[in-house]
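Have a look at the structure below before the remarks.
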Amino acid sequence: MLLKTCDGGNASNFTAPGDESELAAFVEESYARRRALHIAGGGTRVRWAEVGGDFLLTARGLGGIVTYEPGELTLIARAGTPVEEIEQTLAAQGQALAFEPMDHRLLLGSSGTPTIGGVVSANVCGPRRVQAGACRDYILGVRFVDGKGRIIKNGGRVMKNVTGLNLGRLLCGSYGTLGILSEVALKTLPMAESQQTLAFGGVSAAEAVELFSAALRTPFEVSGAAFRGATAWLRVEGFSRQVEYRRERLITLFRDRKIDIYGEEESRSLWRGLRDLHHFAGTSDAVWRIFVKPTDAPAVVAALQALGGDASLDWGGGLIWYCGSGDAVSVRKAAEGGQATLVRGGALPASPIFPPEPKGIAYLSAALRKTFDPAGIFNPGLVDG
Amino acid sequence: MSTIAMPTPDEAIIARKSEIVAALAAALPAETIVSDPEETRAYECDALTAYRCPPLAVVLPRTTEEVATAMRICHGLRVPVIPRGAGTSLAGGALPTADSVVIGTMRLREFLEIDTANRYIRVQTGVTNLSVSAELESEGFFYAPDPSSQLACTIAGNIGMNSGGAHCLKYGVTANNLLGVRMVLATGEIVELGGPLLGASGLDILSLICGSEGQLAIVTEATLRIVPKPEGARPMLIGFDSAETAGECVARIIRSGVLPVAIEYMDDVCLRAVEAFSKAGYPDCPAVLIVEVEGSDQEIADQIERIRAVAAELHPIEFRCSRNADESQAIWKGRKSAFGAMGRLGDYLCLDGTVPVSKLPYALKRIGELSKKAGLEVANVFHAGDGNMHPLILFNANRPGDLERAEALGNDILRLCVDLGGCLSGEHGVGVEKRDLMPTQFAPDDMAIQMEIKGAFDRAWLLNPAKVFPLEASRPHREGAATCS
Amino acid sequence: MQTNFTEDQLADPATRRSNEILRSCVHCGFCTATCPTYKVLGDELDSPRGRIYLMKDMLENSKVPDEKTVKHIDRCLSCLSCMTTCPSGVHYMHLVDHAREYIEQNYKRRWDERALRWLLARILPYPGRFRVALLGAKLAKPFRKLLPDARLRAMLEMVPARLPAPSPSDHPQTIPAENDRVKRVALLTGCAQRALNTDINDATIRLLRRHGCEVVIAKGIGCCGALTHHMGKTRESHQMAAINVRALTAEIDAGGLDAVVINTSGCGTTVKDYGHMFRNDALAEDAGRVAALAKDITEVLSDLGLKDASHAEPLRVAYHAACSLQHGQQVRSAPKDLLKAAGFVVVEPRDSHICCGSAGTYNLLQPAISVELKARKVATLEAIRPQVICTGNIGCMMQIGSGTGIPVVHTVELLDWATGGPRPSSLGQVASAESPRAQLVSA
């Protein structure tokens, strides 16, 4: 499907079932009628343009934390539970979602409330992904409704589980094309007691990536490695004494450079801004998320900048955010070897959101979609093929 | 006779053995094929020896292309294929049937690329888990998942079973450390998934492959995430007078906000067997936790103090830290050899059920009761930090009826795990061992969709067809597929 | 794992022992990882676990061994790396010894194979015959390319360029300690080693005397039996072993012995197992006593402690652990500790637990695998840039020496030098040119 500007579903074809069986019944009926559905969570990320008489189906009506066991690092929540509610509940026990999900609202100018189901469906991660893993790495189990309206359970609430195929990880990042999540079980982690950030001014993208590679091969568990303008940042977290130790070791490692240190508060607000792309929030150009091999990042950034606009780096160079006027074909060409996804359409003419899949994989993906959603009613056209 | 059945082998396929072997021999180097009945016997089982059956033939390719050739031929002739790594599965994942061809990955042993700037290594999957870390040693990196059989098990098998290990409490299991694969589908088609990138659009098929027990594809190359080695690591041994107290200590440590890299549990039966092999100087207590922390000397000391304080509330009868690297090595060598060392006491069935950590004390108590009722001793050694239990049911394989009693007790224990909110298998895989218990954890639809996925990858149901799903449930798929073109 | 022997079969002590061993195996597969032939060939049949299966099948069914089974068991080096690795304590050595004996008795090898084995069994254990054979072989060596058989070529390849004259040290005698006598020890002078290299025994004797040992060369002492034992020729090997048991028992009874010193670790493994070998024999008790006294030279020296070890140059020494020492006898740190105490910089190659491919007569009977293992071993040794390679077994010395230009010496030669003996002649002009420290840095 082609991305257009964000807009809400109109009331006549908007459905938000209040429980799982209602959700299943609605999908079952849609399956029988071959009625295409647009699947959404809180509607903060991308609100799909309406097509014909189809429905916008959201799980935001399924709310609430089912169980939370801090001693087991486990939280189970219904898919419509607001991310904020989860984060607050965890914080009260000194825990957090380690993958640090991004909040898209400011960047996209959207309203609404991000839900955990939406986060999981899109595998939304933040800067800590480089050290702690993606959202996908924290999925312990899911419940979802497939394209025939069957309620499916997979995984569970324990941290290690290899019983049967891992559908939770597969559903994560499938953008609702395989099923609509009704419940997710997540692994939580203790929240770092303290954090600080080392800022390196006056560096190029190439220098930043070199710096990141050097920092990320140390044992100091650098949990953020981002670059914007001419500044590179490294975040260290842990117990207070640990943070000081790690900071000092990194300062020694980069003793030839001038380093500014951000304390607790300043560091937190910096990384929130980097996570949510505050720096591109006020602009109107298209925003692209581009995965590359970190050492390829400097060349890709240069190519993107040549198209007009600006780029920032995260994940030690493995993630490029590009905000600019380059057209889709040129951006994808500049990102060759990587993968470019359109996150905000901006002034671009309608363009495919995702890069085309290689042939061998496209065939498997299609077979999988057909397995989960034989009638092709979930977010049809979102992914080519 | 064991209660676990395998499908009746297809006599028509067995009758065509010479044709099948000839087709393989015509396309592959002679030394890749093992077909003499004297020789195929060595491939009749993996590390679960209770179930055995020699395959029709064994193919040991050296390249992805040779794997593809073998798969294409078997697919063309409609011969089931059993993938095999190092044959260390405790779940019978590599158990053949008489009408099947085993394809082993043990000769795929090349290290293809190390990229420390982008933090990955690319290998052929027949390399052993431990050799990957050995290869990275001089670079200051390691490959984190560390199944206890890491000395011998291969990356192919690790991917097949989504293997865990002691240190996955901090570093995650195979799925969390796998970036990409090159693999061969049942038809012989070669497909590449993922790669060095930290993200990808499109469906995460890789996550399906990891842990698919060789039912979707044979993975021949893998791109693995590599992690910097910690500055130091130090295990401590905490001894308790009861299993329940040790179990309670685990939950309290985790709740305290310290996240050790590993929390392992061993009971006295196990400790004695392991001590005989490793001479690590384990305390002689009913229940011992091995808790390991990492970092600089100061970081380690700080964490030990926090853990000591938590443990002290439960009055351990022993608390001591490893004094040096040799001692730490001995402690881990012992722990990782625990299953093997138990062989000193007799035959055993090794279970792999997981329970929520808070349920550990209760689970241990119930297992003790079930063991007494069944009249079979059960030793416990497991990854406590994530509730992944490994009850070892001791029996005498040479005494008729013993295996069946052990199986029955095993089933009771696994049902208990599921009832407590856990699962049948935390890291070994379902294989044949837990296959028939799947309905205790999955409703029919939960299982149906998984079988449909298998069918999407392997329409003819030729790859490891009799595993994971109860034969009754998979029969329509297997038989329906046999006639498909 | 489960076994299927009948009561009748279990009445045979050898089968009973094999059953015990098989029962303790849990088929975990750890042994595959450290098996040299599995590393080279990648077929489980060429791993301990695969061989255990083949042996189990053969013994359980009292089968006439088939060609394939024999092939895979013949390929076993008996390096016993698997025994070091095995957590459940499977005594692979006794099992494979039994299987070899069973094969020797129940399998008819091809004529050329039989002839070759017959020849080896009749020459190698006898220093006199071996010396004559070596001289003949030296003459033939230039023509080895003309030979059609790889095994025969391998034999000629192994013939050293320089052959020593017989050493007077090997004659039966009692050599007094240099100062106050601390111990009285018997030295096993070996068989093949005596013909190939006389420096080792000479250095051993000097070293022992310097450390207060009276050294006895027992009358009648000969080959320990290992060479024939590994070919499954139990009758011959037991005969030879019995001679030694009697000779050493006589010395024990005469003047008492504190140790039977062995400087060829391949022999050490066998002598230490004499008790098992004769467990059902009238000699059981004597054999047990001899076995209990058997010590590798480095074990004895560790006990005594090195004296005034300040005479050698501090060379960078690569220590190659002979399998018979590290796996067969589980002697691992003693040689390295002694070398360090003697002032050498000791380095070890990667995969130090893997065999060099010598393994008694293995390099002659399985030249292809042996050559591959040699190449791997030499590559890992050369990678650590030593000035000299040292090891505790003549077989390894010959094997590695034939693949590298770096001098290879016996551990005792370096220890003898360090404590006041002569500089090993094979060292030549090595070293001194570059300081070990500089090499360390460049490596």
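The values are calculated or read from the model by the stated rules, or taken from the named source; none is laboratory data. Bear in mind the structure is a predicted one, so any value in this text is a computation, not a measurement. Here Cβ is always computed from backbone atoms with ideal geometry, including for glycine, and neighbour counts include all displayed protein chains. Please note that ligands, DNA and RNA were not included when accessible areas were found on the heavy atoms of the full protein model with its side chains. Shrake-Rupley method; radii C 1.70, N 1.55, O 1.52, S 1.80 Å.
Values for this structure:
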{"quantity": "For chain A, with +1 on Lys and Arg beta carbons and -1 on Asp and Glu, the positive-most of A:Tyr31, A:Pro294, A:Asn13 along the dipole", "calculated": "A:Tyr31"}
{"quantity": "Relative contact order %, chain B, counting alpha carbon pairs below 8 Å whose residues are six or more apart", "calculated": "15 percent"}
{"quantity": "Fully extended contour minus Cα-Cα distance, from C:Arg114 to C:Arg16, at 0.36 nm per residue", "calculated": "32.4 nm"}
{"quantity": "Total accessible area lost when A and B pair, probe 1.4 Å, Å² to nearest 100", "calculated": "6500 Å²"}
{"quantity": "Magnitude of the charge dipole, region B:111-228, Cβ model with Lys/Arg +1 and Asp/Glu -1, debye to 20", "calculated": "200 debye"}
{"quantity": "Inter-chain Cβ neighbour average for residues B:249-261, partner chain, 10 Å", "calculated": "3"}
{"quantity": "Helix axis angle, A:264-275 relative to chain A longest principal axis, alpha carbon, degrees", "calculated": "50 degrees"}
{"quantity": "Packing-based ranking, highest mean first, of C:251-261, A:140-150, A:233-243 given that Cβ atoms within 10 Å are counted", "calculated": "A:140-150, A:233-243, C:251-261"}
{"quantity": "Sum of side-chain charges, A:Gly326 neighbourhood, beta-carbon under 10 Å (Lys, Arg +1; Asp, Glu -1)", "calculated": "0"}
{"quantity": "Degrees between helix A:359-372 axis and first principal axis of chain A (Cα, 0 to 90, nearest 10)", "calculated": "50 degrees"}
{"quantity": "Highest-fluctuation residue, C:Ala137, C:Ala359, C:Ala218 considered, GNM on chain C with Cα pairs under 10 Å", "calculated": "C:Ala137"}
{"quantity": "Chains B and C, summed buried accessible surface - 1.4 Å probe, Å², nearest 100", "calculated": "3100 Å²"}
{"quantity": "Accessible area expressed per residue, chain C, with surrounding protein chains retained (probe 1.4 Å, Å²)", "calculated": "38 Å²"}
{"quantity": "Where labels lie 7 Å past Cα in the beta-carbon direction, separation of C:Ile243 and C:Gln173 in nm", "calculated": "2.1 nm"}
{"quantity": "For residues of B:32-45, the mean tally of beta carbons on other chains within 10 Å", "calculated": "5"}
{"quantity": "Anchor A:Lys258: aspartates and glutamates whose Cα lies under 15 Å away (excluding residues fewer than 8 positions away in-chain)", "calculated": "A:Glu207, A:Glu248"}
{"quantity": "Solvent-accessible surface ranking, highest first, for A:Asp285, B:Asp352 at 1.4 angstrom", "calculated": "A:Asp285, B:Asp352"}
{"quantity": "Residue among C:Thr174, C:Thr204, C:Thr234 with the largest mean-square fluctuation in a Gaussian network model of chain C, springs linking Cα atoms under 10 Å", "calculated": "C:Thr174"}
{"quantity": "Residue-level accessible surface for B:Leu349, protein heavy atoms, 1.4 Å, Å²", "calculated": "10 Å²"}
{"quantity": "Solvent accessible area, Å² - C:His353, 1.4 Å probe, full protein context", "calculated": "50 Å²"}
{"quantity": "Residue-averaged beta-carbon neighbours from other chains (10 angstrom radius) around B:350-360", "calculated": "4"}
{"quantity": "Among A:Leu23, A:Leu304, A:Leu170, residue whose mean-square fluctuation peaks in a GNM of chain A (springs only between Cα atoms under 10 Å)", "calculated": "A:Leu170"}
{"quantity": "For region A:188-228, accessible area per residue (1.4 Å probe, heavy atoms of protein chains only), Å²", "calculated": "29 Å²"}
{"quantity": "Cα centroid separation, region B:77-115 to region C:242-307 (Å)", "calculated": "47 Å"}
{"quantity": "Percent of beta bridges antiparallel (DSSP, the protein assembly as shown, rounded to nearest 5)", "calculated": "75 percent"}
{"quantity": "Rounded if a/c under 1.5, otherwise prolate or oblate - chain A, Cα gyration tensor axes", "calculated": "oblate"}
{"quantity": "Average accessible surface area per residue within chain B, 1.4 Å rolling probe, Å²", "calculated": "31 Å²"}
{"quantity": "Probe 1.4 Å - accessible area at B:Glu305, Å² to nearest ten", "calculated": "100 Å²"}
{"quantity": "For region B:189-243 versus region B:440-457, the gap between their alpha-carbon centres in whole angstrom", "calculated": "23 Å"}
{"quantity": "Alpha carbon centroid spacing (whole Å) that separates region C:192-217 from region A:112-179", "calculated": "72 Å"}
{"quantity": "Too-long pairs where the Cα-Cα distance tops 19 Å, listed order kept, from A:Lys153/B:Lys454; C:Lys138/C:Lys233; B:Lys170/B:Lys467; B:Lys279/C:Lys56", "calculated": "C:Lys138/C:Lys233; B:Lys170/B:Lys467; B:Lys279/C:Lys56"}
{"quantity": "Helix A:205-216 vs. chain A, principal-axis angle (Cα, 0 to 90°, nearest 10)", "calculated": "90 degrees"}
